(Lines give C-alpha, C1' and ligand atoms only; values in the text may rest on other atoms or scores of the structure.)
Protein backbone atom coordinates (compact mmCIF):
# COMPACT_ATOMS: atom_id res chain seq x y z
CA UNK A 1 0.00 0.00 0.00
CA UNK A 2 1.40 3.38 -1.05
CA UNK A 3 0.72 6.59 0.89
CA UNK A 4 0.73 10.20 -0.31
CA UNK A 5 0.59 13.47 1.62
CA UNK A 6 0.16 16.35 -0.80
CA UNK A 7 -1.65 19.69 -0.79
CA UNK A 8 -3.43 18.97 2.48
CA UNK A 9 -4.64 15.56 1.28
CA UNK A 10 -3.79 12.13 2.58
CA UNK A 11 -4.15 9.29 0.10
CA UNK A 12 -3.59 5.54 0.20
CA UNK A 13 -3.38 3.36 -2.91
CA UNK A 14 -3.85 -0.39 -3.16
CA UNK A 15 -4.65 -3.05 -5.72
CA UNK A 16 -8.23 -4.43 -5.35
CA UNK A 17 -8.14 -8.06 -4.35
CA UNK A 18 -11.61 -9.30 -3.48
CA UNK A 19 -15.02 -10.35 -4.75
CA UNK A 20 -18.46 -8.80 -4.35
CA UNK A 21 -20.39 -10.33 -1.43
CA UNK A 22 -23.62 -12.13 -2.27
CA UNK A 23 -25.90 -9.49 -0.69
CA UNK A 24 -24.71 -6.92 -3.27
CA UNK A 25 -24.80 -9.15 -6.32
CA UNK A 26 -27.60 -8.63 -8.84
CA UNK A 27 -30.04 -11.31 -7.59
CA UNK A 28 -29.95 -9.90 -4.05
CA UNK A 29 -30.52 -6.27 -5.06
CA UNK A 30 -33.50 -6.94 -7.33
CA UNK A 31 -35.91 -6.77 -4.40
CA UNK A 32 -35.00 -3.18 -3.55
CA UNK A 33 -35.18 -2.18 -7.23
CA UNK A 34 -38.67 -3.65 -7.62
CA UNK A 35 -39.85 -2.17 -4.32
CA UNK A 36 -38.73 1.36 -5.21
CA UNK A 37 -40.25 1.17 -8.68
CA UNK A 38 -43.63 0.32 -7.17
CA UNK A 39 -43.65 3.51 -5.07
CA UNK A 40 -46.09 6.13 -6.28
CA UNK A 41 -43.55 8.96 -5.94
CA UNK A 42 -40.54 7.06 -7.31
CA UNK A 43 -38.54 8.51 -10.17
CA UNK A 44 -34.82 8.31 -11.06
CA UNK A 45 -32.81 11.32 -9.99
CA UNK A 46 -30.94 13.28 -12.70
CA UNK A 47 -27.52 12.29 -13.95
CA UNK A 48 -25.99 15.63 -14.87
CA UNK A 49 -23.37 15.72 -17.62
CA UNK A 50 -20.78 18.47 -17.13
CA UNK A 51 -19.11 18.82 -20.51
CA UNK A 52 -17.77 22.30 -19.85
CA UNK A 53 -16.11 21.21 -16.63
CA UNK A 54 -14.66 18.09 -18.24
CA UNK A 55 -13.06 20.25 -20.91
CA UNK A 56 -11.66 22.67 -18.33
CA UNK A 57 -10.18 19.86 -16.24
CA UNK A 58 -8.81 17.84 -19.14
CA UNK A 59 -11.07 14.83 -18.63
CA UNK A 60 -13.08 12.75 -21.08
CA UNK A 61 -16.30 13.21 -19.10
CA UNK A 62 -17.74 14.19 -15.73
CA UNK A 63 -21.17 12.98 -14.58
CA UNK A 64 -22.88 13.91 -11.31
CA UNK A 65 -25.81 11.93 -9.89
CA UNK A 66 -27.93 14.63 -8.21
CA UNK A 67 -29.65 13.07 -5.20
CA UNK A 68 -31.15 16.35 -3.99
CA UNK A 69 -34.21 15.37 -6.06
CA UNK A 70 -34.88 12.07 -4.25
CA UNK A 71 -38.46 11.81 -2.93
CA UNK A 72 -38.50 15.52 -2.07
CA UNK A 73 -36.10 14.79 0.82
CA UNK A 74 -33.07 16.68 -0.54
CA UNK A 75 -30.87 13.58 -0.08
CA UNK A 76 -30.53 9.93 -1.09
CA UNK A 77 -31.14 8.27 2.28
CA UNK A 78 -34.86 7.71 1.81
CA UNK A 79 -33.97 4.83 -0.52
CA UNK A 80 -32.57 2.81 2.35
CA UNK A 81 -35.07 4.00 4.95
CA UNK A 82 -38.27 3.11 3.10
CA UNK A 83 -36.98 -0.29 1.97
CA UNK A 84 -35.64 -1.26 5.41
CA UNK A 85 -38.76 -0.11 7.30
CA UNK A 86 -41.03 -2.02 4.94
CA UNK A 87 -38.93 -5.17 5.22
CA UNK A 88 -38.89 -4.82 9.02
CA UNK A 89 -42.68 -4.46 9.13
CA UNK A 90 -43.10 -7.46 6.81
CA UNK A 91 -40.82 -9.53 9.03
CA UNK A 92 -42.72 -8.52 12.16
CA UNK A 93 -46.11 -9.37 10.65
CA UNK A 94 -44.99 -12.56 8.91
CA UNK A 95 -45.63 -11.13 5.43
CA UNK A 96 -43.63 -11.98 2.28
CA UNK A 97 -40.37 -10.09 1.81
CA UNK A 98 -41.64 -8.91 -1.59
CA UNK A 99 -44.50 -6.95 -0.01
CA UNK A 100 -45.15 -3.51 -1.52
CA UNK A 101 -45.74 -0.27 0.33
CA UNK A 102 -49.27 -0.20 -1.05
CA UNK A 103 -49.97 -3.58 0.51
CA UNK A 104 -48.62 -2.38 3.87
CA UNK A 105 -50.90 0.64 3.67
CA UNK A 106 -54.03 -1.52 3.26
CA UNK A 107 -56.59 -1.01 6.08
CA UNK A 108 -56.51 -4.71 6.94
CA UNK A 109 -52.78 -4.48 7.73
CA UNK A 110 -52.63 -0.98 9.19
CA UNK A 111 -54.15 -2.05 12.52
CA UNK A 112 -50.95 -3.93 13.29
CA UNK A 113 -48.52 -1.68 11.43
CA UNK A 114 -49.53 1.37 13.45
CA UNK A 115 -48.36 -0.27 16.65
CA UNK A 116 -44.74 -0.38 15.49
CA UNK A 117 -42.27 2.25 16.68
CA UNK A 118 -38.91 2.94 15.02
CA UNK A 119 -35.85 4.72 16.37
CA UNK A 120 -32.57 5.86 14.82
CA UNK A 121 -29.63 8.21 15.15
CA UNK A 122 -28.70 10.47 12.27
CA UNK A 123 -26.54 13.34 11.11
CA UNK A 124 -29.68 14.55 9.36
CA UNK A 125 -30.42 12.84 6.05
CA UNK A 126 -30.94 9.27 7.27
CA UNK A 127 -33.28 10.43 10.03
CA UNK A 128 -35.32 12.45 7.59
CA UNK A 129 -35.64 9.40 5.35
CA UNK A 130 -36.73 7.21 8.30
CA UNK A 131 -39.28 9.81 9.45
CA UNK A 132 -40.69 10.09 5.93
CA UNK A 133 -40.90 6.31 5.57
CA UNK A 134 -42.55 5.89 8.98
CA UNK A 135 -45.18 8.48 8.10
CA UNK A 136 -45.96 6.65 4.86
CA UNK A 137 -46.35 3.41 6.79
CA UNK A 138 -48.40 5.00 9.56
CA UNK A 139 -45.75 4.25 12.21
CA UNK A 140 -44.06 6.32 14.90
CA UNK A 141 -40.41 7.38 14.53
CA UNK A 142 -38.02 8.77 17.15
CA UNK A 143 -34.84 10.34 15.81
CA UNK A 144 -31.73 11.43 17.71
CA UNK A 145 -29.02 13.74 16.40
CA UNK A 146 -25.45 14.17 17.66
CA UNK A 147 -24.22 17.31 19.40
CA UNK A 148 -23.67 20.26 17.07
CA UNK A 149 -26.37 19.28 14.56
CA UNK A 150 -27.84 22.23 12.69
CA UNK A 151 -31.37 23.19 13.88
CA UNK A 152 -32.53 23.11 10.25
CA UNK A 153 -31.74 19.40 10.05
CA UNK A 154 -33.72 18.60 13.21
CA UNK A 155 -36.67 20.64 11.96
CA UNK A 156 -36.59 18.88 8.58
CA UNK A 157 -36.88 15.54 10.40
CA UNK A 158 -39.92 16.75 12.33
CA UNK A 159 -41.43 18.11 9.12
CA UNK A 160 -40.91 14.70 7.47
CA UNK A 161 -43.03 13.02 10.14
CA UNK A 162 -40.95 12.14 13.22
CA UNK A 163 -42.66 12.47 16.61
CA UNK A 164 -39.28 13.37 18.12
CA UNK A 165 -36.06 14.84 16.73
CA UNK A 166 -33.76 15.49 19.66
CA UNK A 167 -30.16 16.68 19.63
CA UNK A 168 -28.17 14.74 22.24
CA UNK A 169 -25.04 15.95 24.07
CA UNK A 170 -23.15 13.06 22.45
CA UNK A 171 -21.01 12.38 19.40
CA UNK A 172 -22.51 10.39 16.53
CA UNK A 173 -21.27 6.95 17.54
CA UNK A 174 -22.36 7.36 21.18
CA UNK A 175 -25.74 8.64 19.97
CA UNK A 176 -26.11 5.44 17.92
CA UNK A 177 -25.50 3.42 21.08
CA UNK A 178 -28.12 5.51 22.89
CA UNK A 179 -30.70 4.79 20.17
CA UNK A 180 -29.91 1.07 20.37
CA UNK A 181 -30.39 1.19 24.14
CA UNK A 182 -33.74 2.95 23.76
CA UNK A 183 -34.86 0.30 21.29
CA UNK A 184 -33.95 -2.49 23.66
CA UNK A 185 -35.55 -0.90 26.72
CA UNK A 186 -38.80 0.19 25.04
CA UNK A 187 -39.35 -2.56 22.51
CA UNK A 188 -38.82 -0.27 19.53
CA UNK A 189 -37.21 -1.31 16.26
CA UNK A 190 -33.79 0.18 15.56
CA UNK A 191 -33.33 1.33 11.94
CA UNK A 192 -29.64 2.23 11.79
CA UNK A 193 -27.54 2.74 8.67
CA UNK A 194 -24.49 1.15 10.19
CA UNK A 195 -23.85 -2.31 11.60
CA UNK A 196 -21.98 -4.23 14.28
CA UNK A 197 -21.79 -7.90 15.27
CA UNK A 198 -25.34 -9.06 15.96
CA UNK A 199 -26.98 -6.14 14.15
CA UNK A 200 -26.73 -6.72 10.42
CA UNK A 201 -30.10 -7.69 8.90
CA UNK A 202 -31.67 -4.21 8.86
CA UNK A 203 -28.41 -2.50 7.75
CA UNK A 204 -28.26 -5.03 4.90
CA UNK A 205 -31.68 -3.88 3.70
CA UNK A 206 -30.61 -0.23 3.99
CA UNK A 207 -27.45 -0.82 1.96
CA UNK A 208 -29.38 -2.77 -0.66
CA UNK A 209 -31.77 0.18 -0.86
CA UNK A 210 -28.86 2.43 -1.83
CA UNK A 211 -28.01 0.20 -4.79
CA UNK A 212 -31.04 1.61 -6.63
CA UNK A 213 -29.20 4.90 -7.20
CA UNK A 214 -26.16 2.99 -8.50
CA UNK A 215 -28.30 1.03 -10.95
CA UNK A 216 -30.01 4.22 -12.10
CA UNK A 217 -26.63 5.86 -12.69
CA UNK A 218 -25.28 2.90 -14.66
CA UNK A 219 -28.43 2.78 -16.79
CA UNK A 220 -28.30 6.55 -17.39
CA UNK A 221 -24.64 6.36 -18.40
CA UNK A 222 -25.51 3.63 -20.90
CA UNK A 223 -28.31 5.81 -22.30
CA UNK A 224 -25.75 8.61 -22.69
CA UNK A 225 -23.52 6.30 -24.74
CA UNK A 226 -21.02 5.56 -21.96
CA UNK A 227 -20.30 1.86 -21.51
CA UNK A 228 -18.84 2.41 -18.05
CA UNK A 229 -17.14 5.10 -15.97
CA UNK A 230 -13.38 4.76 -15.59
CA UNK A 231 -13.43 6.32 -12.10
CA UNK A 232 -16.03 6.56 -9.33
CA UNK A 233 -15.47 8.81 -6.30
CA UNK A 234 -17.61 7.84 -3.28
CA UNK A 235 -17.84 9.83 -0.06
CA UNK A 236 -18.03 7.82 3.16
CA UNK A 237 -19.18 8.35 6.71
CA UNK A 238 -19.71 4.86 8.12
CA UNK A 239 -19.40 3.66 4.52
CA UNK A 240 -22.89 2.23 3.97
CA UNK A 241 -23.63 4.16 0.78
CA UNK A 242 -20.06 3.86 -0.48
CA UNK A 243 -20.02 0.12 0.08
CA UNK A 244 -23.44 -0.43 -1.45
CA UNK A 245 -22.75 1.59 -4.59
CA UNK A 246 -19.23 0.20 -5.00
CA UNK A 247 -20.45 -3.37 -4.57
CA UNK A 248 -23.28 -2.97 -7.07
CA UNK A 249 -21.08 -1.33 -9.72
CA UNK A 250 -18.22 -3.79 -9.22
CA UNK A 251 -20.68 -6.65 -9.73
CA UNK A 252 -22.27 -5.03 -12.77
CA UNK A 253 -19.04 -4.18 -14.58
CA UNK A 254 -17.06 -7.24 -13.53
CA UNK A 255 -13.56 -7.35 -15.02
CA UNK A 256 -14.14 -3.85 -16.47
CA UNK A 257 -14.94 -2.32 -13.07
CA UNK A 258 -13.84 1.31 -12.65
CA UNK A 259 -11.25 2.68 -10.26
CA UNK A 260 -13.05 3.35 -6.96
CA UNK A 261 -11.89 6.10 -4.58
CA UNK A 262 -13.34 6.40 -1.07
CA UNK A 263 -13.37 10.00 0.18
CA UNK A 264 -13.67 11.15 3.83
CA UNK A 265 -13.15 14.24 6.00
CA UNK A 266 -9.57 14.39 7.28
CA UNK A 267 -10.67 14.63 10.94
CA UNK A 268 -13.11 11.69 10.81
CA UNK A 269 -11.57 9.19 8.42
CA UNK A 270 -12.43 5.77 9.83
CA UNK A 271 -12.25 3.95 6.50
CA UNK A 272 -8.84 5.50 5.83
CA UNK A 273 -7.61 4.54 9.31
CA UNK A 274 -8.85 0.99 8.81
CA UNK A 275 -7.11 0.66 5.45
CA UNK A 276 -3.95 2.18 6.87
CA UNK A 277 -3.87 -0.32 9.77
CA UNK A 278 -3.51 -3.10 7.21
CA UNK A 279 -4.87 -5.87 9.43
CA UNK A 280 -8.18 -6.24 7.59
CA UNK A 281 -10.23 -5.08 10.58
CA UNK A 282 -12.35 -1.92 10.92
CA UNK A 283 -10.87 0.76 13.19
CA UNK A 284 -12.39 4.00 14.47
CA UNK A 285 -11.01 7.32 13.30
CA UNK A 286 -8.59 8.95 15.72
CA UNK A 287 -9.10 12.56 14.62
CA UNK A 288 -10.87 15.32 16.59
CA UNK A 289 -14.23 14.59 14.97
CA UNK A 290 -14.79 18.09 13.68
CA UNK A 291 -15.95 18.71 10.12
CA UNK A 292 -18.54 20.71 8.20
CA UNK A 293 -19.42 17.47 6.40
CA UNK A 294 -22.12 16.50 8.90
CA UNK A 295 -23.29 13.49 6.92
CA UNK A 296 -19.76 12.05 6.98
CA UNK A 297 -18.97 12.81 10.64
CA UNK A 298 -18.89 9.16 11.74
CA UNK A 299 -15.81 7.63 13.32
CA UNK A 300 -16.67 3.92 13.34
CA UNK A 301 -16.97 2.04 10.01
CA UNK A 302 -20.01 -0.06 9.19
CA UNK A 303 -18.86 -3.66 9.70
CA UNK A 304 -21.17 -4.84 6.91
CA UNK A 305 -19.66 -2.74 4.14
CA UNK A 306 -16.11 -2.37 5.44
CA UNK A 307 -15.01 -5.64 3.74
CA UNK A 308 -16.35 -4.32 0.42
CA UNK A 309 -14.38 -1.08 0.75
CA UNK A 310 -11.33 -2.96 2.06
CA UNK A 311 -11.20 -5.42 -0.83
CA UNK A 312 -12.52 -3.53 -3.85
CA UNK A 313 -11.49 0.12 -3.51
CA UNK A 314 -8.27 1.32 -5.14
CA UNK A 315 -7.94 4.61 -3.25
CA UNK A 316 -8.71 6.05 0.18
CA UNK A 317 -8.46 9.82 0.43
CA UNK A 318 -8.91 12.12 3.45
CA UNK A 319 -9.77 15.76 2.67
CA UNK A 320 -9.87 19.00 4.68
CA UNK A 321 -13.17 20.89 4.87
CA UNK A 322 -12.00 23.42 2.28
CA UNK A 323 -12.23 20.68 -0.35
CA UNK A 324 -15.95 20.24 0.35
CA UNK A 325 -16.52 24.01 0.09
CA UNK A 326 -14.57 24.06 -3.16
CA UNK A 327 -16.82 21.34 -4.56
CA UNK A 328 -20.02 23.09 -3.46
CA UNK A 329 -18.94 26.24 -5.30
CA UNK A 330 -17.75 24.34 -8.38
CA UNK A 331 -21.13 22.63 -8.69
CA UNK A 332 -23.18 25.70 -7.84
CA UNK A 333 -21.21 28.03 -10.13
CA UNK A 334 -20.87 25.80 -13.18
CA UNK A 335 -18.57 26.07 -16.16
CA UNK A 336 -19.95 27.67 -19.30
CA UNK A 337 -22.79 25.62 -20.75
CA UNK A 338 -23.14 23.33 -17.73
CA UNK A 339 -26.19 23.22 -15.44
CA UNK A 340 -25.81 24.14 -11.78
CA UNK A 341 -26.08 21.46 -9.09
CA UNK A 342 -27.01 22.51 -5.55
CA UNK A 343 -24.87 20.32 -3.33
CA UNK A 344 -24.30 20.39 0.42
CA UNK A 345 -21.09 19.84 2.33
CA UNK A 346 -21.20 16.04 2.23
CA UNK A 347 -22.43 16.02 -1.35
CA UNK A 348 -19.80 18.36 -2.77
CA UNK A 349 -16.58 16.92 -1.36
CA UNK A 350 -15.92 14.51 -4.25
CA UNK A 351 -16.28 17.33 -6.80
CA UNK A 352 -13.92 19.49 -4.76
CA UNK A 353 -11.40 16.67 -4.70
CA UNK A 354 -11.66 16.05 -8.44
CA UNK A 355 -11.23 19.75 -9.19
CA UNK A 356 -8.21 19.98 -6.88
CA UNK A 357 -6.61 16.85 -8.31
CA UNK A 358 -6.86 18.16 -11.86
CA UNK A 359 -5.73 21.75 -11.24
CA UNK A 360 -3.13 21.76 -8.44
CA UNK A 361 0.39 21.46 -9.96
CA UNK A 362 1.82 19.59 -6.99
CA UNK A 363 -0.89 16.91 -7.31
CA UNK A 364 0.35 15.84 -10.74
CA UNK A 365 1.93 12.62 -9.34
CA UNK A 366 -1.33 11.68 -7.63
CA UNK A 367 -3.57 12.25 -10.65
CA UNK A 368 -1.07 10.39 -12.82
CA UNK A 369 -1.07 7.40 -10.49
CA UNK A 370 -4.87 7.51 -10.35
CA UNK A 371 -4.99 7.42 -14.16
CA UNK A 372 -6.95 10.67 -14.49
CA UNK A 373 -6.50 12.01 -18.03
CA UNK A 374 -8.28 12.88 -21.28
CA UNK A 375 -9.66 9.35 -21.55
CA UNK A 376 -11.17 9.34 -18.06
CA UNK A 377 -14.93 9.37 -17.45
CA UNK A 378 -15.65 10.20 -13.81
CA UNK A 379 -18.87 9.48 -11.92
CA UNK A 380 -19.64 11.49 -8.77
CA UNK A 381 -22.67 11.33 -6.49
CA UNK A 382 -23.97 14.55 -4.97
CA UNK A 383 -25.60 12.82 -2.02
CA UNK A 384 -27.48 15.86 -0.71
CA UNK A 385 -28.66 19.35 -1.57
CA UNK A 386 -28.53 22.38 0.73
CA UNK A 387 -29.56 20.50 3.88
CA UNK A 388 -28.11 23.35 5.97
CA UNK A 389 -29.35 26.36 3.95
CA UNK A 390 -27.66 28.97 6.15
CA UNK A 391 -24.22 27.41 5.80
CA UNK A 392 -24.79 26.73 2.11
CA UNK A 393 -25.38 30.41 1.42
CA UNK A 394 -22.34 31.33 3.50
CA UNK A 395 -20.12 29.01 1.47
CA UNK A 396 -21.53 30.16 -1.86
CA UNK A 397 -21.00 33.86 -1.12
CA UNK A 398 -17.37 33.48 -0.08
CA UNK A 399 -14.33 32.19 -1.96
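The values are calculated or read from the model by the stated rules, or taken from the named source; none is laboratory data. A quick note: this is a predicted structure, and the numbers were derived from the prediction, not measured. Counting neighbours? That spans all protein chains shown, and the Cβs are built from the backbone with ideal geometry, glycine included.
Which condition number in (1) at pLDDT 95 or above; (2) within 15 Å of the chain's Cα centre (by Cα); (3) assigned to a helix (DSSP H, G or I) is the one that residue 295 fails?
Failing condition for residue 295: (1).
Does residue 361 count as without any contact (Cβ under 8 Å) to a residue 24 or more places away in the chain and over 20 Å from the mean Cα position of the chain (by Cα)?
Details: without any contact (Cβ under 8 Å) to a residue 24 or more places away in the chain: yes; over 20 Å from the mean Cα position of the chain (by Cα): yes.
Answer is yes for this residue.
From 225, 198, grab the single residue that is on the phi > 0 side of the Ramachandran plot and either at pLDDT below 95 or not assigned by TED's automatic domain parsing to the domain that holds residue 67 (or both).
Numbers: 225 fails: either at pLDDT below 95 or not assigned by TED's automatic domain parsing to the domain that holds residue 67 (or both).
Residue meeting the stated conditions: 198.
Somewhere in the stretch 241-252, is a residue modelled with pLDDT of 95 or more, assigned to a loop (DSSP other than H, G, I, E, B) and crowded, with 24+ Cβ neighbours inside 10 Å?
Start the filter on the stretch 241-252 by keeping residues that are modelled with pLDDT of 95 or more, which leaves 241-252.
Now drop any that are not assigned to a loop (DSSP other than H, G, I, E, B), which leaves none.
No, there is no match, as no residue in the stretch 241-252 is modelled with pLDDT of 95 or more, assigned to a loop (DSSP other than H, G, I, E, B) and crowded, with 24+ Cβ neighbours inside 10 Å.
With respect to residue 289, determine if the residue is in the same structural domain as residue 310 (by TED's automatic domain parsing), modelled with pLDDT under 95, more than 13 Å from residue 10 (Cα to Cα) and assigned to a loop (DSSP other than H, G, I, E, B). Spell out the reasoning first.
Details: in the same structural domain as residue 310 (by TED's automatic domain parsing): yes; modelled with pLDDT under 95: yes; more than 13 Å from residue 10 (Cα to Cα): yes; assigned to a loop (DSSP other than H, G, I, E, B): yes.
Answer is yes for this residue.
Surrounded by fewer than 20 Cβ atoms within 10 Å (Cβ to Cβ), at negative phi, more than 19 Å from the chain's Cα centre (by Cα) and in the same structural domain as residue 231 (by TED's automatic domain parsing): is that true of residue 38 in this structure? Working first, answer last.
Working: surrounded by fewer than 20 Cβ atoms within 10 Å (Cβ to Cβ): yes; at negative phi: yes; more than 19 Å from the chain's Cα centre (by Cα): yes; in the same structural domain as residue 231 (by TED's automatic domain parsing): yes.
In short, yes.
Criterion first (assigned by TED's automatic domain parsing to the domain that holds residue 52, within 29 Å of residue 282 (Cβ to Cβ) and touching a helix residue (DSSP H, G or I) at 6+ places or on another chain (Cβ under 8 Å)) does residue 359 satisfy it? Reasoning before the result, please.
On the way: assigned by TED's automatic domain parsing to the domain that holds residue 52: yes; within 29 Å of residue 282 (Cβ to Cβ): no; touching a helix residue (DSSP H, G or I) at 6+ places or on another chain (Cβ under 8 Å): yes.
In short, no.
Determine, yes or no, whether residue 47 is within 30 Å of residue 236 (Cα to Cα), within 24 Å of the chain's Cα centre (by Cα) and surrounded by 22 or more Cβ atoms within 10 Å (Cβ to Cβ). Reasoning before the result, please.
Values: within 30 Å of residue 236 (Cα to Cα): yes; within 24 Å of the chain's Cα centre (by Cα): yes; surrounded by 22 or more Cβ atoms within 10 Å (Cβ to Cβ): no.
In short, no.
Exactly one of (1) touching a strand residue (DSSP E or B) at 6+ places or on another chain (Cβ under 6 Å); (2) within 22 Å of residue 29 (Cα to Cα) is unmet by residue 261. Its number?
(2)
Looking only at the stretch 3-34, which residues are in contact with a strand residue (DSSP E or B) (Cβ under 9 Å, 6 or more places away or on another chain), exposed (fewer than 13 other Cβ atoms within 10 Å of the Cβ) and in contact (Cβ under 8 Å) with a residue 12 or more places away in the chain? Before the answer, list the steps.
In the first step, residues of the stretch 3-34 are kept if they are in contact with a strand residue (DSSP E or B) (Cβ under 9 Å, 6 or more places away or on another chain); the result is 3-5, 8-14, 16.
Still in the running and exposed (fewer than 13 other Cβ atoms within 10 Å of the Cβ): 3, 5.
Residue satisfying the conditions is 3 alone.
Just to confirm my filter: which helices (runs of 4 or more DSSP H) fall fully inside the stretch 72-179 and include at least 1 residues that are within 19 Å of the chain's Cα centre (by Cα) and touching a residue at least 60 places away in the same chain (Cβ under 8 Å)?
Details: elements: 78-93, 101-104, 107-113, 125-137, 151-160.
Answer list for the stretch 72-179: 78-93, 125-137, 151-160.
Every residue in the stretch 349-370 that is in contact with a strand residue (DSSP E or B) (Cβ under 8 Å, 6 or more places away or on another chain) and exposed (fewer than 13 other Cβ atoms within 10 Å of the Cβ), please.
362, 365
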